[in-house]
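Some notes on the structure that comes next.
The values are calculated or read from the model by the stated rules, or taken from the named source; none is laboratory data. Source: prediction; values computed, not measured. Please note: Cβ atoms are built from the backbone with ideal geometry, for glycine as well, and neighbour counts cover all protein chains shown. SASA here: full protein model, heavy atoms, side chains in, ligands and nucleic acids out. Shrake-Rupley method; radii C 1.70, N 1.55, O 1.52, S 1.80 Å.
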Amino acid sequence: MLLLGIIGHPLSHTLSPILHNWGFREMGIKASYHVWDTPPEKLISFMAALRTLPIHGASVTIPHKETVIPLVDKLTQSARDIGAVNTLYWHDKVLWGDNTDVTGFMAPLLERGTQPGTVLVLGAGGAARAAVCGLHSAGWKVFLSARTGGRADRLAQSFQAEHVPWADRHEVRPHLLVNTTPLGMSGPFQALSPWKSSLAGISLVYDLVYNPKETQLLAQAQREGVEIIPGLPMFVHQGLAQFERWTGQRFPLARAISLLEETLASRGKA
């Protein structure tokens, strides 16, 4: 029986156990995936325990994606490029840190056959790092804007992007608009949107928030006839890449997305 789980804090709303435990059942893999809520002050002790317990691998989420880096043995090229880790796995008794967020982020764009153009990424956190890294590597002209100007400027410099002050973000009219901020997320931010203007001149809106399924930003895009990519496919794609890293197998993608859509819908009614 393989033992896996997710570390982060807080973890009350994570969908990862539902996704991975379903995947194990679907593929006939004897494994279980657990929630290991790990406050920042407990990270070092958890990582020490991970080296002594029979833990096969783990997902890493906020706030540990960067602070876990000194606690692993080696980093994959993806983790080095992004400067963050979202996946832990063992290979030849060496603890590796990997990052599947770029794979997850780029997959819906590649499935659509979207060609590189101009893109404005809103936000400067871990998800923004993955988005900017993937878009830059794919040949997009990247603009970046966030409320934390200093952090946005440093991230933009890391990937040859152009930093746009938050107050000036509406002056950019890119082909693609990407939201990596929590604005629109279920909870206290649900009624908010990172965009306060029309979407005229923008062809595609990609919102990484996946709960609720339709954010304020996506609802605006649909009203204005702009194509959309919701956040759930990215979440499932990055999870699928983790699952494959741990097991060498791939669960059925479309059915996984349907499962999580049903889960979110049922939670919304609760």
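With respect to the chain, whose longest principal axis is taken over its alpha-carbon atoms, helix 16-27 is tilted by about 60°. Per residue, the Cα convex hull of segment 26-146 amounts to 137 Å³.
For the residue pairs K65/K141; K30/K74; K30/K65; K42/K93; K42/K196; K42/K141, alpha carbon separations beyond 30 Å are given by K42/K196; K42/K141.
Rounded to the nearest Hz, the phi-derived 3J(HN,Hα) couplings of segment 77-87 under the Karplus curve 6.51 cos²θ - 1.76 cosθ + 1.60 (θ = phi - 60°) are 4, 4, 5, 5, 4, 7, x, 7, 10, 10, 9, where x marks glycine and proline. Counted by Cβ distance under 14 Å from F143, the other residues give a net charge of -1, where Lys and Arg count +1 and Asp and Glu count -1. The residues packed around T180, meaning those with a beta-carbon under 15 Å from its beta-carbon, carry a net charge of +3 if Lys and Arg are +1 and Asp and Glu are -1.
Based on Cα atoms of segment 1-72, Rg over Rh with Rh as the Kirkwood radius reads 0.98. Axis angle, to the nearest 10 degrees, between helix 253-269 and the longest C-alpha principal axis of the chain: 80 degrees. Taking all protein chains together and rolling a 1.4 Å probe, W246 ends up with roughly 20 Å² accessible. Principal-axis analysis of the Cα atoms of the chain puts helix 232-247 at an angle of about 30° to the longest axis. Label reach from D37 (point 7 Å along Cα→C-beta): in segment 12-31, amide nitrogens under 18 Å belong to 12-18. With springs only between Cα atoms under 10 Å, which of I69, I29, I228 fluctuates most in a Gaussian network model of the chain? Of I69, I29, I228, the Gaussian network model singles out I29 as fluctuating most. Heavy-atom accessible area, probed at 1.4 angstrom with all protein chains present, ranks K42, K93, K196 as K93, K196, K42, highest first.
Solvent-accessible area of E262, all protein chains in place: 120 Å² (probe radius 1.4 Å, heavy atoms, ligands and nucleic acids excluded). Please list, by residue number, everything in segment 24-60 whose backbone N is under 17 Å from a paramagnetic label point 7 Å out along Cα→Cβ of T67. Flagged as within label range: 36-50, 59-60. Residues considered: M185, M47, M234. Largest GNM mean-square fluctuation over the chain, using C-alpha springs under 10 Å, is found at M47. Solvent-accessible surface of the chain, averaged per residue with a 1.4 angstrom probe and all protein chains in place: 46 square angstrom. The percentage of C-alpha pairs in segment 181-268 whose separation is greater than 18 Å is 51%. Over all other residues within a Cβ to Cβ distance under 11 Å of E26, the charged ones net out to +3, with Lys and Arg as +1 and Asp and Glu as -1. A Stokes-Einstein calculation at 37 °C with viscosity 0.692 mPa s, built on the Kirkwood radius of the chain over Cα pairs, returns a diffusion coefficient of 171 µm²/s. Evaluated at q = 0.13, 0.16, 0.21 Å⁻¹, a Debye calculation over the C-alpha positions of segment 86-202 (equal weights, vacuum) places log10 I(q)/I(0) at -0.54, -0.78, -1.21. In this calculation the C-beta distance from K30 to K74 is compared with R0 = 30 Å, giving a FRET efficiency of 0.65. For segment 89-141, the Cα-based Rg and Dmax, in that order, read 13.7, 43 Å. Nonpolar atom fraction for the chain, defined as the carbon and sulfur part of the 1.4 Å probe accessible area, stands at 54 percent.
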